[in-house]
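Only the coordinates and a few stated rules stand behind these numbers; no lab work does. Note that the coordinates shown come from a computational prediction; the quantities given were computed from them, not determined experimentally. Cβ placement follows ideal geometry from the backbone for every residue including glycine, while neighbour counts extend to all protein chains displayed.
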Amino acid sequence: MHRFCIAPMMEWTDRHCRYFHRGLTRHARLYTEMVTADAVLRGDRARLLGFSPDENPVALQLGGSAPAKLAEAAAIGEAFGYDEINLNIGCPSDKVQEGRFGACLMAEPDLVARCVAAMRARVQIPVTVKCRIGIDDQDAEADLARFIERVAAAGCSIFIVHARKAWLKGLSPKENREVPPLDYARVARLKASRPDLTIIVNGGIETLDDAARHLEHVDGVMLGRAAYQDPYILAEVDQRFYGSQAPVVSRQGALERLIPYAERHIQAGGRLNNVTRHVLGLYHGRPRARLFRRYLSENAVREGATTDVLREAIRIAEGEGVACTRAEPQADAAE
Ligand SMILES: Cc1cc2nc3c(=O)[nH]c(=O)nc-3n(C[C@H](O)[C@H](O)[C@H](O)COP(=O)(O)O)c2cc1C
């Protein structure tokens, strides 16, 4: 079920991004951006939680630390059709710490256990936790073991572990995705010591070969930035990790699937760019990557842009467009 997951990413894994990713892999488990329990309880639910049924299996990631609010938000998420509720115990940002949730909760395993128990009591779908191997000067061995122990005892059997510590002071969340160093061995030891739990490793996994190596030690992998920035790596996930015999979808096929979807979105008052901004990396490393990216990013933002812009971008990327009659730059690995 969790063999291959695409990470929750604020501003990135919105419903349009997930719909696009679903066209590349039928089976990978998708995650929403983090939504706080307060936002679910007080905000515009259709806008925050609405998604296309084609996206399943998809998990709703919640942020919060008040058991009753999280339980209510989880129940609302389940009613919307999500397949899993995931609690964010990994985000180090200051804003999140002020709200007393995210990574700082690694220091409060009893509170996290109460949150999990409260949510479990309200929903049938799995309640899972995404955490780090520790925070600040916590001991990545003993403190992580204790955290997992308590939270598992409250009924969470699926943990996604970002294999680096969170530093709660002095680093931006962006910096804290690069340092301190990753410790995959710690996550593998966690799996070895708790074979009854489903352990998914996250952090710095860039290719499906990397993913396959991790799967020798843990139950699942979660990819964030690599999946977003080079989404075509997702095209072989079903064949490699889920035993699918289906043909691998082409880049063009993945984009053509978006045309009717984007048309519906525009008719409902949305903008083409809301959908197409997520596909800019699709030709990453291919000869026309830069032309595709430039054409689409410049034109899809224009007022009134229609799906003709997407059709033209496909023609350009596939080498049929007017813009491609001159000599093209070679594949640019830096794209
Ligand atoms: C733009 C961006 C937004 C993120 N937002 C979230 C989030 O909402 N919730 C969360 O648990 N992690 C968030 N993360 C962290 C990722 O889920 C993941 O743990 C991290 O990027 C490490 O995985 P990677 O090296 O495969 O990217 C975010 C990461 C990025 C790059």
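Which pairs, out of LYS130/LYS174; LYS69/LYS174; LYS69/LYS191, put more than 25 Å between their alpha-carbon atoms?
The pairs that break the limit, which is 25 Å between Cα atoms, are LYS69/LYS174; LYS69/LYS191.
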Report task. Could you calculate the FRET efficiency of ALA68 with GLU320 from 1/(1 + (r/R0)^6), where r is the beta carbon distance between them and R0 is 41 Å, rounded to 0.05? Result -> 0.10
Report task. Please give the length that would be gained between ARG302 and ARG146 if that part of the chain were fully extended, namely 0.36 nm times their separation in residues minus their C-alpha to C-alpha distance (nm, one decimal). Result -> 50.9 nm
Query - Alpha carbon convex hull of segment 114-160, projected area averaged over orientations, nm² - result: 3.3 nm²
Report summary line: When the charge dipole of the chain is computed with +1 at the Cβ of Lys and Arg and -1 at the Cβ of Asp and Glu, the Cα pointing farthest to the positive end, of LEU296, LEU182, GLY269, is that of GLY269
Query - Candidate aspartates and glutamates - alpha carbon under 16 Å from LYS169, same-chain residues fewer than 8 apart omitted - result: ASP94, GLU98, ASP136, ASP137, GLU178
Report summary line: Yeah, segment 138-242 with a ≥ b ≥ c from its alpha-carbon gyration tensor (a/c under 1.5 is rounded, else prolate when a/b outruns b/c, oblate otherwise) is oblate
Query raised in the report: Out of segment 133-175, which chymotrypsin sites (Phe, Trp or Tyr not before Pro) are coil in DSSP terms and have no more than 13 other C-beta atoms within 10 Å?
Result: none
Report task. Determine the shape class of segment 203-323: with a ≥ b ≥ c the square roots of the Cα gyration tensor eigenvalues, call it rounded for a/c under 1.5, and otherwise prolate if a/b is greater than b/c, oblate otherwise. Result -> prolate
Report summary line: From DSSP H assignment alone, runs of 4+ in the chain each adding -39500 (n - 2.57), the sum over residues rounded to the nearest 500 puts [θ] at 222 nm at -11500 deg cm²/dmol
Requested in this report: Specify the inter-centroid distance of segment 1-56 and segment 260-314, based on alpha-carbon positions, in whole Å.
Outcome: 20 Å
Report task. First measure r as the distance between the Cβ atoms of SER157 and ALA192, then evaluate 1/(1 + (r/R0)^6) with R0 = 22 Å and state the FRET efficiency to the nearest 0.05. Result -> 0.85
Query raised in the report: Just GLY224, GLY203, GLY43 to compare: in a GNM of the chain, with alpha carbon springs under 10 Å, which one fluctuates most?
Result: GLY43
Report summary line: With a ≥ b ≥ c from the Cα gyration tensor eigenvalues, square-rooted, and the rule rounded for a/c under 1.5, otherwise prolate when a/b > b/c and oblate otherwise, the chain is prolate
Report summary line: Ordered by fewest other Cβ atoms within 10 Å, a rough proxy for footprinting exposure, TYR261, TYR232, TYR283 read TYR261, TYR232, TYR283
Requested in this report: Neighbouring Cβ atoms within 10 Å as the yardstick, rank ARG22, ARG290, ARG302 fewest first.
Outcome: ARG302, ARG290, ARG22
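Starting with the fewest neighbours, write out MET222, MET9 ranked by other beta-carbon atoms found within 10 Å of each beta-carbon.
Exposure proxy ranking, most exposed first: MET9, MET222.
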